[in-house]
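> Questions regarding the structure given below will be posed in turn.
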Amino acid sequence: MRSVRNWFGICLIAALTAITGSHAEEQAVVVRPQDTGQPLANPGMGWVLHHYDNIAFNYGGRLEPSDTVDDFPGVTTVYLRIAWSHIEPQEGRFNWSVLDTPAQRWLDKGKRIALRISCSESFMRYATPQWVEQAGAKGYNFTPGKGVDPNGPYWEPDYDDPVFLDKLDHFLAALAKRYDGNPEVAFIDVGSVGVWGEGHTYASTLRPYSAETIKRHIDLHTKHFKKTLLVANDDFALHDRGRATIEYAAKQGLGLRDDSILVQGGDKAYFNADFAPLFWEHAPVVLESEHFGPSRDRGNWKDGSQYLEAVERYHASYASIHWWPREFLAENQDLVRKINLRLGYRLQLVEASWPSEIPVAGSIWFATAWQNAGVAPCLPGGYPAFTIKDTKGGIAGVFVDEGLDMRNLRVAEPDKASPESHKAEFALPLALDEKTRPLKPGNYDVYISIGTATGTPKIALPLPDDDGHHRYRLGGLMIRP
């Protein structure tokens, strides 16, 4: 793999190269770009900024409404993790503004949101709405660290209770009506079981629940969410449930998340990288670090390199900013830079070539070689498109190579990616007659992009000369009479 360099050059070689086959007499333009080293904010990957973090005012909750932390490089997703009782304080009456208000701040900046709605918290009595208990749902008072306690200040539902499950079913139906298939949503956690929505009860009642309980809650979510990505917590394996719950989640098409990397340090910085192979080739893996401040203060964080190590081991598509975002960035700038170069996918154009001149009545070919310098596949997929612009910047031709899907680029260890090459030939845009041709004789600029099969750019590339729409200028083309 080519080394990543933080500069904005592009090596352009006008090569008098013999092109095999029917193009043997043509001269070719060959470009071999260098990765600019810039952070990329792309679909299906990136940094996740916690706006609500169980407690409504951690961590984005204290930002001014106008502050969307645009200075944090690589943020693509804003996480809204909050209790069910905030959303449905009365049965059937929903306070969607709790989600819509912060969401719109970042959606206006082209970001997406992610959700976790919890049913048990260690700081508030009713994360599950009180009306659920009043309707007859069984539950338990608890004191964190002590477990079930008749005089405990907090209440946790019995996650197998039929009344609780019925009310949860109706809530998830309402949630899915708004969000299932909504392109504004990156993913939704299965967060309805366990304290903080993590699937365990170690900070609440200490009551163990079986693998069947976890599967039941996964099934409730997949019943309603048919299109939007659901994500399972690695802690679903706790309480001696083992891999069965994780394997079940993978078979249902869920993604994986691992909460609280670096709660401990050393060889206990994370535990479940062996779950990742069940997921990462077909669904995103989401990593969340421990709250940065406590991890730092306990001496576990150190330089944060084990967070990057976890990104590598899990083949993570997302990494969370689990702290006040600017404080995290200020103390981890080099780590953020390194993670940005590996997190998710990073599509590098190794080489592109095309004829330097073509006749106005002829055809055109393009050849490219690509590699993925990230830790995860380009799960959204995408096709290379060559766009030809005239001297006024107008789009005069769009040519999509559907024979090369970025989804199929192989993932490799750092500096070991191998290129995939493809060449395609295209007819020129439709001509009405000899005098009416979209491509007239003259000079044109050639741009490269990755996006839909219809040529719409969707993915940012580490290349210079962006036209503002993720098309990148590579060089020129002469159309001769």
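> Using the structure shown, decide if Arg105 is touching a Pro at 6+ places or on another chain (Cβ under 8 Å) and basic (Lys, Arg). Give the steps one after another, and end with the answer.
Numbers: touching a Pro at 6+ places or on another chain (Cβ under 8 Å): yes; basic (Lys, Arg): yes.
Yes: the conditions hold for Arg105.
> Further, regarding this structure: Against the definition (surrounded by 22 or more Cβ atoms within 10 Å (Cβ to Cβ), touching a Cys at 6+ places or on another chain (Cβ under 8 Å) and more than 21 Å from Leu278 (Cα to Cα)), how does Leu347 come out, yes or no? Please lay out each step first, then the result.
On the way: surrounded by 22 or more Cβ atoms within 10 Å (Cβ to Cβ): yes; touching a Cys at 6+ places or on another chain (Cβ under 8 Å): yes; more than 21 Å from Leu278 (Cα to Cα): yes.
Here the answer is yes, as Leu347 does meet what is asked.
> Also, I was wondering about something else. Would you pick out the residues in region 384-398 that are surrounded by 21 or more Cβ atoms within 10 Å (Cβ to Cβ) and more than 18 Å from Pro441 (Cβ to Cβ)?
Residues satisfying the conditions are Pro384, Ala385, Phe386, Thr387.
Yes or no, residue by residue, for (1) surrounded by fewer than 23 Cβ atoms within 10 Å (Cβ to Cβ); (2) in contact with an Asp or Glu (Cβ under 9 Å, 6 or more places away or on another chain); (3) closer than 18 Å to Ile82 by Cα:
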{"site": "Tyr140", "(1), (2), (3)": "yes, yes, no"}
{"site": "Asp149", "(1), (2), (3)": "yes, no, no"}
{"site": "Gly152", "(1), (2), (3)": "yes, no, no"}
{"site": "Asp169", "(1), (2), (3)": "yes, no, yes"}
{"site": "Thr205", "(1), (2), (3)": "no, yes, no"}
{"site": "Ile214", "(1), (2), (3)": "no, no, no"}
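> If the requirement is being among the hydrophobic types (A, V, I, L, M, F, W, C), assigned by TED's automatic domain parsing to the domain that holds Ile55 and farther than 20 Å from Gly194 by Cα, which of these qualifies: Ala249, Ala330?
Working: Ala249 fails: farther than 20 Å from Gly194 by Cα.
Only one candidate qualifies: Ala330.
> With (1) within 16 Å of Cys119 (Cβ to Cβ); (2) over 25 Å from the mean Cα position of the chain (by Cα); (3) not in a loop (DSSP other than H, G, I, E, B) as the list, and His217 as the residue in question, which single condition is left unmet?
His217 satisfies every listed condition except (2).
> Can you find a residue that is under 27 Å from Arg342 (Cβ atoms) and surrounded by fewer than 20 Cβ atoms within 10 Å (Cβ to Cβ) anywhere in region 437-450?
Within region 437-450, not a single residue is under 27 Å from Arg342 (Cβ atoms) and surrounded by fewer than 20 Cβ atoms within 10 Å (Cβ to Cβ).
> What are the residue pairs meeting all of these: first residue in region 204-223, first residue touching a residue at least 40 places away in the same chain (Cβ under 8 Å) and assigned by TED's automatic domain parsing to the domain that holds Gly139, second residue among the hydroxyl-bearing types (Ser, Thr, Tyr) and buried (at least 18 other Cβ atoms within 10 Å of the Cβ), Cβ atoms under 6 Å, and 6 or more apart or on different chains?
So the pair list comes out as Ser204/Ser120; Thr205/Tyr140; Arg207/Thr201; Tyr209/Tyr159; Thr213/Tyr159; His217/Ser192.
> Can you tell which of Thr101, Thr68 is buried (at least 19 other Cβ atoms within 10 Å of the Cβ), among the polar types (S, T, N, Q) and in the same structural domain as Val132 (by TED's automatic domain parsing)?
Values: Thr101 fails: buried (at least 19 other Cβ atoms within 10 Å of the Cβ).
Result: Thr68 is the single residue among Thr101, Thr68 that is buried (at least 19 other Cβ atoms within 10 Å of the Cβ), among the polar types (S, T, N, Q) and in the same structural domain as Val132 (by TED's automatic domain parsing).
> Just checking, does region 335-352 include any residue being touching a helix residue (DSSP H, G or I) at 6+ places or on another chain (Cβ under 8 Å), closer than 16 Å to Arg471 by Cα and either outside any helix (DSSP H, G or I) or among the small types (Gly, Ala, Ser) (or both)? Spell out how you get there, then give the answer.
So in region 335-352, the residues touching a helix residue (DSSP H, G or I) at 6+ places or on another chain (Cβ under 8 Å) come out as 335-336, 338-339, 342-343, 345, 347.
Among the residues that remain, those that are also closer than 16 Å to Arg471 by Cα are: 347.
Filter once more, keeping what is either outside any helix (DSSP H, G or I) or among the small types (Gly, Ala, Ser) (or both): 347.
So far as region 335-352 goes, yes, one or more of its residues are touching a helix residue (DSSP H, G or I) at 6+ places or on another chain (Cβ under 8 Å), closer than 16 Å to Arg471 by Cα and either outside any helix (DSSP H, G or I) or among the small types (Gly, Ala, Ser) (or both).
> While we're looking at this one, here's another question. Determine, yes or no, whether Ser320 is touching a residue at least 24 places away in the same chain (Cβ under 8 Å), hydroxyl-bearing (Ser, Thr, Tyr) and part of a helix (DSSP H, G or I). Full working, then the answer.
Values: touching a residue at least 24 places away in the same chain (Cβ under 8 Å): yes; hydroxyl-bearing (Ser, Thr, Tyr): yes; part of a helix (DSSP H, G or I): no.
Against the criterion (touching a residue at least 24 places away in the same chain (Cβ under 8 Å), hydroxyl-bearing (Ser, Thr, Tyr) and part of a helix (DSSP H, G or I)), Ser320 does not qualify.
> Run down Gly74, Gly60 and say which single residue is surrounded by 14 or more Cβ atoms within 10 Å (Cβ to Cβ) and in contact with an Asp or Glu (Cβ under 9 Å, 6 or more places away or on another chain). Before the answer, list the steps.
Working: Gly74 fails: in contact with an Asp or Glu (Cβ under 9 Å, 6 or more places away or on another chain).
Exactly one residue qualifies, and that residue is Gly60.
> Just the residues that are charged (D, E, K, R) and either part of a loop (DSSP other than H, G, I, E, B) or in contact with a strand residue (DSSP E or B) (Cβ under 8 Å, 6 or more places away or on another chain) (or both), please, taken from region 39-87. Please lay out each step first, then the result.
Here is the first cut: in region 39-87, the residues charged (D, E, K, R) are 53, 62, 64, 67, 70-71, 81.
Matches in region 39-87: Asp53, Glu64, Asp67, Asp70, Asp71, Arg81.
> Which members of region 291-317 meet the condition of being more than 19 Å from Gly74 (Cα to Cα) and without any contact (Cβ under 8 Å) to a residue 40 or more places away in the chain?
His291, Gly293, Pro294, Ser295, Arg296, Asp297, Arg298, Gly299, Asn300, Trp301, Lys302, Asp303
The values are calculated or read from the model by the stated rules, or taken from the named source; none is laboratory data. Every value quoted in this text rests on a predicted model; they were computed, and no experiment measured them. Because the Cβ atoms are built from the backbone with ideal geometry, glycine has one as well, and the counts that use them run over all protein chains shown.
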